1. Can you tell me which of ALA414, ALA472, ALA422, ALA454 is touching a residue at least 60 places away in the same chain (Cβ under 8 Å), under 17 Å from the mean Cα position of the chain (by Cα) and surrounded by 23 or more Cβ atoms within 10 Å (Cβ to Cβ)?
2. Within the stretch 425-439, can one find any residue that is within 16 Å of the ligand (Cβ to nearest atom) and aliphatic (A, V, I, L, M)?
3. From GLY152, GLY263, GLY249, grab the single residue that is in contact with a Cys (Cβ under 9 Å, 6 or more places away or on another chain) and within 16 Å of the ligand (Cβ to nearest atom).
4. State whether the residues of the stretch 323-334 include one that is at pLDDT 95 or above, among the acidic types (Asp, Glu) and surrounded by 24 or more Cβ atoms within 10 Å (Cβ to Cβ).
5. With ALA124, ALA107, ALA130, ALA117 as the choices, which residue is in contact with a His (Cβ under 6 Å, 6 or more places away or on another chain), closer than 30 Å to SER192 by Cβ and outside the structural domain of PRO372 (by the TED database)?
6. In this structure, is LEU86 modelled with pLDDT of 95 or more and in a helix (DSSP H, G or I)?
7. Taking GLY466, is it assigned to a strand (DSSP E or B) and within 16 Å of the ligand (Cβ to nearest atom)?
8. So SER387 clears everything in (1) over 24 Å from the mean Cα position of the chain (by Cα); (2) of a type in the set (Gly, Ala, Ser); (3) over 20 Å from VAL319 (Cβ atoms) except one condition, right? Which one?
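The values are calculated or read from the model by the stated rules, or taken from the named source; none is laboratory data. Nothing here was measured: the structure is a model prediction, and the numbers come from that model. Quick reminder, even Gly has a Cβ in these numbers, built from the backbone with ideal geometry, and neighbours come from all protein chains shown.
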Amino acid sequence: MSSAANLGLKDGSLFKTKGLINGEWVGAPSSFAVQNPANGKELGQVADMGVDDTKRAIDAASNALPAWSKTTAKERHDILMKFFKLMTENSEDLGRLITLENGKTLAEGKGENAYSASFLEWFAEEAVRAYGEVLPPMAAGTRGIVIKQPIGVVSILTPWNFPSAMITRKLGAALAAGCTVVIKPATETPFSALALADLAERAGVPKGVINVITTSKHLNDVAKEMCENPIVKKISFTGSTRVAKILAGYASGTLKKMTIEAGGNAPFIVFDDADIDKAVEGAIASKFRATGQTCVCANRFFIQSSIYADFAAKLSAKVSSFVVGDGLDAKTSYGPLIHSNAVAKVDAHVQDAISKGATVLVGGKKLDSIGPNFYAPTVLSDVSSDSQNHSEETFGPLATLTKFETEDEVVNLANNTEVGLAGYFYARDIGRIWRVAEKLEVGMVGVNTGAISAAYAPFGGIKETGFGKEGAHSIDEYMITKSITFGGL
Ligand code: SIN
């Protein structure tokens with residue numbers, strides 16, 4: 001078992017192995033191991049909490065709600081800004097923890113920490129601007145207003161691909177709105193969540209406002225309690241569409257408000273008038289970020305036939321130069337996948353595409369010599385649109401190239417999926433840019449860029465990706481509006 005010291009943290013007290021309920025670090029009769037995906041080594045044992053702990057955490061959040069919801073917006077702003085500053089000051093340790101438990105490179109780990117902290121800064125500024133409305137009088141002698149109030153206790157369920165940022169994107173909004181929370185981080189990546197909770201306490205978040213339940217063998221029961229418990233008024237989830245449907249089922253009994261950011265299957269289109277070098281840069285930024293394990297990663301590349309060969313050659317040259325390895329090694333450009341199931345899925349998509357006529361331009365194999373969680377960054381050419389990865393998110397370092405002729409054809413191909421989170425295209429014709437941006441059935445479009453994620457852009461999808469936005473506009477997801485009519489004036 002590791003200790004904070006041999007994980008290389010400067011501030012060892014950020015390494016927590018227990019959950020947090022009402023300001024107390026709480027153990028459990030058993031614990032589960034968290035492993036470094038780069039080498040399989042155990043990073044530590046974490047409390048395996050259950051349903052009773054979850055109920056206590058929800059009660060603690062409920063008891064903390066009256067006082068927290070009555071703090072002024074300025075008080076919440078100041079605490080969120082302090083929390084933001086603490087994340088920034090501890091970026092070395094927080095970035096390292098992300099790399100250790102998720103596998104992404106240290107540069108990406110620190111980048112995620114900065115992205116994650118940016119949500120706290122953004123929502124600090126939103127807290128003080130959560131205005132209501134004054135309504136036009138409905139009759140003589142009346143006046144009306146609309147006020148906003150915190151929705152109540154919020155359940156936050158997050159994935160392993162962004163162990164920190166997916167928490168603060170929800171937590172920042174909830175705290176700014178005056179809500180209290182119970183967080184269940186992914187089993188694979190609890191340490192970042194626990195470090196965040198510790199920094200939140202240091203920033204002055206009162207006890208009970210943030211509670212964290214770490215769990216492995218009770219995962220489904222804990223998630224069910226977080227969605228069914230009548231005290232909880234709002235659920236915010238990021239993860240797969242399959243799990244989102246299960247959680248929505250649990251939440252339906254009490255008609256809870258939900259924000260769901262589930263699977264994507266992003267198209268990345270390059271038209272013949274595009275700047276090809278820029279398109280290659282954008283393709284790499286979008287496809288290989290976090291080793292291909294983001295919901296907004298390009299999943300299907302569509303390249304217009306006249307520039308297909310040029311794009312394929314340039315993309316392949318860049319991907320061939322990637323250095324795959326342990327994310328803590330400064331030479332590494334891309335780290336491992338989260339576990340061997342993820343590797344198996346990438347390989348299954350590669351083999352399926354090859355069986356339907358695709359050819360391997362780069363990669364196409366497991367990298368067992370580095371470790372069981374590594375897969376070679378891969379580019380496949382002539383991928384058929386009935387390949388498995390066209391209907392299912394790969395969530396790994398696989399770029400599949402498919403040729404197209406016309407704008408209508410490619411828009412139909414791009415939209416031929418049940419989910420709709422992100423879509424990207426490169427073009428210079430302004431008419432085409434407007435047409436395609438409006439026709440893509442997604443919640444977020446990147447035009448001539450592969451990077452679309454920022455606190456100030458509303459994040460979320462349509463179709464079976466889910467509903468509700470995160471980031472900009474999302475403080476309202478954590479508030480209710482109430483109209484108040486005054487008569488007899
Ligand atoms: C995700 O993969 O769910 C989030 C990606 C992002 O915030 O850019």
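1. Numbers: ALA414 fails: under 17 Å from the mean Cα position of the chain (by Cα); ALA472 fails: surrounded by 23 or more Cβ atoms within 10 Å (Cβ to Cβ); ALA454 fails: surrounded by 23 or more Cβ atoms within 10 Å (Cβ to Cβ).
Going through ALA414, ALA472, ALA422, ALA454 in turn, the sole match is ALA422.
2. no
3. Values: GLY152 fails: within 16 Å of the ligand (Cβ to nearest atom); GLY249 fails: within 16 Å of the ligand (Cβ to nearest atom).
Only one candidate passes the filter, namely GLY263.
4. Step one: of the stretch 323-334, the residues at pLDDT 95 or above are 323-334.
Restricting the remaining residues to those that are among the acidic types (Asp, Glu) gives 326, 329.
Narrowing the set further to residues that are surrounded by 24 or more Cβ atoms within 10 Å (Cβ to Cβ) leaves none.
Looking for residues that are at pLDDT 95 or above, among the acidic types (Asp, Glu) and surrounded by 24 or more Cβ atoms within 10 Å (Cβ to Cβ), one finds none in the stretch 323-334, hence no.
5. Result of the check over ALA124, ALA107, ALA130, ALA117: ALA124.
6. yes
7. Considered against the rule, which asks whether it is assigned to a strand (DSSP E or B) and within 16 Å of the ligand (Cβ to nearest atom), GLY466 comes out as no.
8. SER387 satisfies all of (1) over 24 Å from the mean Cα position of the chain (by Cα); (2) of a type in the set (Gly, Ala, Ser); (3) over 20 Å from VAL319 (Cβ atoms) except (3).
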